[in-house]
Structures are given as structure tokens and as C-alpha cells.
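Let me begin by presenting the structure, written as C-alpha cells, before commenting on it.
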Amino acid sequence: QVKLVESGGGAVQAGGSLRLSCAGSGRTFTNDDMGWFRQAPGKEREFVARINWRGDATNYADSVKGRFTISKDNTRNFLYLLMNRLQPADPAVYSCSASTHPWTVLSSSPAVYWGQGTQVTVSS
């Protein structure tokens with residue numbers, strides 16, 4: 001079965017950090033563009049970050065730029081999101097994705113595979 005499984009979510013104080021992981025299985029994601037999206041209660045899903053298949057090009061939403069870092073380990077079939085200086089506006093369910101063809105429109109992912117998501121909560 002082809003799966004993406006997120007982990008690393010939880011509760012953190014404002015200003016703290018979390019590192020999310022996304023483990024791929026069932027196939028290799030080495031040649032896939034991948035990314036992270038998030039959805040907060042009452043809001044639509046929004047783009048967070050993208051990384052190309054080689055892991056040498058990244059894009060970020062303005063709201064997280066400079067605070068979040070996306071990375072990819074093609075050897076382990078893993079995707080990561082390091083979140084620093086978390087803010088009260090960041091709580092959401094974070095989901096990872098993988099696309100079998102190039103992802104060129106940041107807000108509209110062509111992802112074929114999606115994880116179930118991991119919840120991030122920020123307290124003040």
C-alpha cells in the first residue's frame with residue numbers, strides 16, 4: 001500500500017519549535033515534488049512549503065517564510081518540516097503530499113498522494 005504518514009505534531013509554547021516528519025512507503029518518492037499544507041478550524045487548506053524532487057529548490061508561504069524549513073531525504077523516503085518561532089496563528093492540521101509530475105503552481109498542488117495529517121497546537 002502506498003502511504004504517507006506524518007508525525008511530530010503536538011503542543012508547544014509560542015516561540016517554540018517542532019519538527020514534522022513525513023514517511024513514505026509502498027513506492028519511492030525520490031523523483032517527486034513534495035510539500036506541506038495546513039488547515040485550521042473554519043479555514044480552507046493553505047499552502048505552507050514546497051520542495052522539488054532533487055531537494056535543491058524550495059518555496060514558502062509568506063506567513064512562514066524565515067521561520068519554517070522544508071527538507072527531503074531521498075535515501076530514506078522522508079520529508080521534513082522544521083518549524084521555528086511558532087505563533088498563535090500557526091495551529092492547524094499539517095499534511096504532507098507528493099506529486100508524480102512537476103508542481104509549478106504553489107497554491108494548487110498536483111499531488112497524487114496525501115498523508116492524514118498531524119495536529120500542531122500553540123499555547124501562549
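The values are calculated or read from the model by the stated rules, or taken from the named source; none is laboratory data. This structure is a prediction, so every number in the text was calculated from the model and none was measured. Cβ atoms come from the backbone with ideal geometry, glycine included; neighbour counts cover every protein chain shown. Remember, those area values only see protein heavy atoms, side chains included, never the ligands or the DNA or RNA. Shrake-Rupley method; radii C 1.70, N 1.55, O 1.52, S 1.80 Å.
With the condition being under 21 Å from Gln116 (Cα atoms) and at pLDDT 95 or above, I'd like the strands (runs of 3 or more DSSP E) fully within the stretch 1-69 carrying at least 3 qualifying residues.
Ranges flagged: 3-7, 10-13, 18-25, 33-39, 46-51.
Sort out which residues of the stretch 22-33 are open to solvent by 20 Å² or more (accessible area, probe 1.4 Å) and either closer than 30 Å to Gln87 by Cα or of a type in the set (Ser, Thr, Tyr) (or both), and write them in order of number.
Ala23, Ser25, Thr28, Thr30
Suppose the filter is of a type outside the set (Gly, Ala, Ser) and either within 16 Å of Leu4 (Cβ to Cβ) or at pLDDT 95 or above (or both); does Thr104 pass it?
So Thr104 does not fit the description; no.
Just need a number here: residues in the stretch 86-100 that are in a strand (DSSP E or B) and either among the β-branched types (Val, Ile, Thr) or over 23 Å from Lys72 (Cα atoms) (or both).
Number of matching residues: 1.
Residue pairs, Cβ under 6 Å, 6 or more apart or interchain, first in the stretch 1-26 and more than 15 Å from Ser99 (Cα to Cα), second open to solvent by 50 Å² or more (accessible area, probe 1.4 Å) and assigned to a strand (DSSP E or B). List them.
Gly8/Arg19; Gly9/Gln119; Ala11/Thr121; Gln13/Ser123; Arg19/Leu82; Ser21/Ser7
So if I check each of Thr75, Thr121, Thr104, which one is open to solvent by less than 80 Å² (accessible area, probe 1.4 Å) and of a type in the set (Val, Ile, Thr)?
Of the residues listed, the single one that is open to solvent by less than 80 Å² (accessible area, probe 1.4 Å) and of a type in the set (Val, Ile, Thr) is Thr121.
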